[in-house]
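The values are calculated or read from the model by the stated rules, or taken from the named source; none is laboratory data. Keep in mind it's a predicted model, so treat the numbers as computed, not measured. So basically every Cβ, Gly included, is an ideal-geometry build from the backbone, and we count neighbours across all protein chains shown.
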Amino acid sequence: MSTSNPPSSVPAGSHAIVYGGSIAGLMSAGVLSRHFERVTLVERDVFPDGPMPRKGVPQAQHIHGLLTRGMDILAGVLPGIREDLVAAGGEFLDGVETVASFGGGSWRPRFRCGVSAASVSRLLLEWAIRQRLRALANVRILDGREAVGWKASDDRTRITGLQLQAPGGGQEETLEAELVVDTSGRGSRMPQWLEALGYPRVEETRIRVDVGYATRLFRKPPGFEPGWRSLVLAPRLPEERRLGIVQEIENRQWLVTLGGWLGDAPATADEAVFLEFARSLPQPHLYEAIKNAEPLGPVHIYRFPHHQRRHYERMPRFPEGLAVVGDAFCSFNPTYGQGMSTGAMQAEALGESLRQGLRGASDRYRRRAGEILQGPWALATAGDLAFPEVEGKRPPGFALMTWYGNRFQQLAGYDEEALTTFLRVQHMLESPAAMFSPRMVLKVLTVQPGKAARTPGPPLLAAPTSRAA
């Protein structure tokens, strides 16, 4: 494994600090390694030695999807990461051909669409990225340290370092840096720390969705070949609320997530509750696949109360030498799978902002990050705002856009071009504007709703018993 990551240009500075060892933090450290002589990644947890869970990321044991755009960015920053994932048992699978997907009341057609994604657990993905970072000569990982404050210039217009402490107390230490990047997640204390320096409170938008889900790891039953590698049973919003997904991950294991909106999710980690929820889904395929499968661990519960977007791009003043990436900037309903990839896009934008030097980079970056978030935010919140119970300002033309979106989903139930377009937008390879091209608009206006209902689903197979006696 290479131990160098040559800068793409003359280094912007001597030292950058990233605090928060999330996927966004790992990607940011990788990007900054090309722009600074040294990069320090600070994490409160002590990182495990392998692809194992840690306290600071309770959601890591649930299904995560790094979209194609996110993986492309990651592979550009850390060449060889794709091969690492495959060597560890992961695969890159076509997003239509290998997925049996039921949504909007019908099965989706199956064909090779050319949009592939990594079929791996978040635990493996995070570990593989860490291993690549550890191999970079100019990156230091400092775990077991908690960020407790910034160091600022006397006039408070520039952040010049980060104050650290061991979790639970102990002596403080200060690291000096020309750039400090907050990737500490949705619980970030940046709003409070900015106020303490005399900056205005950042404007924040929240949309409450009360999403919950439960996930369990299973061994894929030997010899069971249902005709899919992943299975998605999605609700027809807003009439239905329940969701079920089976994702085949590394070493032919299944991650199974069951969830729903507005509190309609498995309430406990009880096995009987989990199976009964699976039985309640609009198609029986998921329940039949897992009812006899061998569990490889307990049921894990996670709750997501609300979308959260902090509008740092709108602040009239912002310190130099500071940036924020990932969930600390914008935290999406995880059902839509956008978080890791938007974090990758922000990290990429941070690198681009540094090509003109450090001066003004913080402002250039936060405004660009705000632009990047517009499309994913609109897509994620549109579905949730379709629920009458969800409070939040509907944008102008919301009813028309909802009507168009529903018609587009009906079209995608039988039209390969429409489904491919939707998938490319979903994977951030194209702008949502691609769904409104003249050709697509004509197809949507002449959609044949009954035609989607005739798209065949996969065979209904019950998995053989593989549970330990």
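What the table below lists for this structure:
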| item | result |
| --- | --- |
| Counted residues, the range 44-67 - those being over 18 Å from LEU124 (Cβ atoms) and in contact with a strand residue (DSSP E or B) (Cβ under 7 Å, 6 or more places away or on another chain) | 2 |
| Scope the range 424-444; condition over 29 Å from the mean Cα position of the chain (by Cα), free of Cβ contacts under 8 Å to residues at least 12 places away in the same chain and within 13 Å of TYR404 (Cα to Cα); matching residues | VAL441, LEU442 |
| Qualifying residue in the range 123-138 (condition: in a strand (DSSP E or B) and either out of contact with any Lys or Arg (no Cβ under 9 Å at 6 or more places or on another chain) or not acidic (Asp, Glu) (or both)) | no |
| Matching residues in the range 208-229 - criterion: being over 21 Å from the mean Cα position of the chain (by Cα) and not in a strand (DSSP E or B) | LYS220, PRO221, PRO222, GLY223, PHE224, GLU225, PRO226, GLY227, TRP228 |
| Given (1) touching a Phe, Trp or Tyr at 6+ places or on another chain (Cβ under 8 Å); (2) crowded, with 16+ Cβ neighbours inside 10 Å, number of the condition GLN163 does not satisfy | (2) |
| Of residues in the range 24-60 being over 22 Å from GLY321 (Cβ atoms) and small (Gly, Ala, Ser), the one surrounded by the fewest Cβ atoms within 10 Å (Cβ to Cβ) | GLY50 |
| Which numbered condition THR465 misses (of (1) outside the structural domain of GLY405 (by TED's automatic domain parsing); (2) touching a helix residue (DSSP H, G or I) at 6+ places or on another chain (Cβ under 8 Å)) | (2) |
| Tally of residues being free of Cβ contacts under 8 Å to residues at least 12 places away in the same chain and in contact with a helix residue (DSSP H, G or I) (Cβ under 8 Å, 6 or more places away or on another chain) across the range 49-75 | 2 |
| Long-range neighbours under 6 Å by Cβ, at least six apart or interchain, first residue β-branched (Val, Ile, Thr) within the range 389-414, second loosely packed, with under 14 Cβ neighbours inside 10 Å and at pLDDT 95 or above | none |
| Test: residue in the range 156-169 that is of a type outside the set (Lys, Arg), over 24 Å from LEU358 (Cα atoms) and touching a helix residue (DSSP H, G or I) at 6+ places or on another chain (Cβ under 6 Å) | no |
| Search result, residues across the range 157-196 that are among the basic types (Lys, Arg) and either free of Cβ contacts under 8 Å to residues at least 60 places away in the same chain or farther than 23 Å from HIS35 by Cα (or both) | ARG186, ARG189 |
| LEU385 being in contact with a Ser or Thr (Cβ under 9 Å, 6 or more places away or on another chain), within 26 Å of ARG208 (Cα to Cα), surrounded by 14 or more Cβ atoms within 10 Å (Cβ to Cβ) and not assigned by TED's automatic domain parsing to the domain that holds MET345 | yes |
| Residue count for the range 328-356, restricted to those that are under 9 Å from the mean Cα position of the chain (by Cα), part of a helix (DSSP H, G or I) and under 15 Å from ARG186 (Cβ atoms) | 5 |
| Test result for PRO109, touching a strand residue (DSSP E or B) at 6+ places or on another chain (Cβ under 7 Å) and in a loop (DSSP other than H, G, I, E, B) | no |
| Answer residue from the range 326-340, given it is surrounded by 24 or more Cβ atoms within 10 Å (Cβ to Cβ) and of a type in the set (Gly, Ala, Ser) and is nearest to ARG242 (Cα to Cα) among those | GLY339 |
| Sole exception among (1) more than 23 Å from GLY149 (Cβ to Cβ); (2) free of Cβ contacts under 8 Å to residues at least 60 places away in the same chain for TRP107, by number | (2) |
